[in-house]
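Please read the structure below before turning to the comments.
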């Protein structure tokens, strides 16, 4: 790929910001050139890759959220990613289509979930697609139990129920608000297969490395429409207002010189310092959704960074903002924030 080299900091902060925006734009255009089939060949290509494009210019790519039905990987739809990324960015998400095929802007900032998620079923056989907006031949929805589990390598949100009849497609649906605060039924996942009457089915949404438990807790609360217990970055528990206006602000980048071993139960990053978060962009196309976050740092002396992460402000049930850690990415080799120049770290959260 051909990307701008940002060069030295002699342009000054204003000039560097302008050049950084141009660089982000090129990253966005490069991402849109990725073919949809690419993820079908290797669905975790974008798990957590770190690139150094120039001296002090780093790009980190993250995906690592998967869905499974009866052990088989499914597609979480672009609608689900719009809800997820919009919630983290505290921004409403455009280009969402409900099961009636109406196009709306999803209210992923503020009170989003008037109802809980559930499993639906039907008789359609068309292959799954990231852009699915409805089951092909919907027959109905089933009573669904939603739980959260903490495994050694992931945080898992599970939806379980029993099918009343044989079917060839399953979905996750949820009543979510659009920006006019009108409830819309949104398809969040779809799986095609052979399912029998009376079969117990479980749909797992797995948050893998580098995501940590708080992000699973948050999405469990959104999907189950319940207030959930979360853990702040100082280890203190609180009850998050995930049945209402939950996101108190946007995620932001932090870094640490400490090399921290990833664990799904991590709740903070030791010796973390906040970078100057300047810009976050939601990029979407027919086949791709992405949130791009970048941060600048101009330290007085060189800093070796071994871990980066994302912190996220969440409202508790009393309406006070509490900060949780949703992502911890230890780096295979340290990156250097150089003294006397504007260093740039770009985080792309990519859904294909």
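Results, tabulated for the structure shown:
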item	result
Extension reserve of the residue 304-residue 111 stretch, reckoned as 0.36 nm per residue once the Cα distance is removed	65.5 nm
Binned Cα-Cα distances of region 65-208, short to long, each 10 Å bin given as a whole percent	13, 43, 35, 9, 0
Ranked packing of 152-158, 114-120, 194-200, most packed first, by mean Cβ within 10 Å	114-120, 152-158, 194-200
Relative contact order %, region 65-208, counting alpha carbon pairs below 8 Å whose residues are six or more apart	31 percent
Global size of region 198-352 as Cα Rg and Dmax, reported in angstrom	16.9, 66
Listed peptides 162-171, 315-324 by packing density, highest first (mean Cβ within 10 Å)	162-171, 315-324
log₁₀ of I(q)/I(0) at q = 0.14, 0.21 Å⁻¹ - region 208-294, Debye sum with one point per alpha carbon	-0.64, -1.27
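Every number here is computed from the coordinates shown, using simple stated rules; none is lab data. Everything numeric here is computed off the predicted structure, so don't read it as measured data. Backbone-built Cβ (ideal geometry, glycine too); neighbour counts: all protein chains shown.
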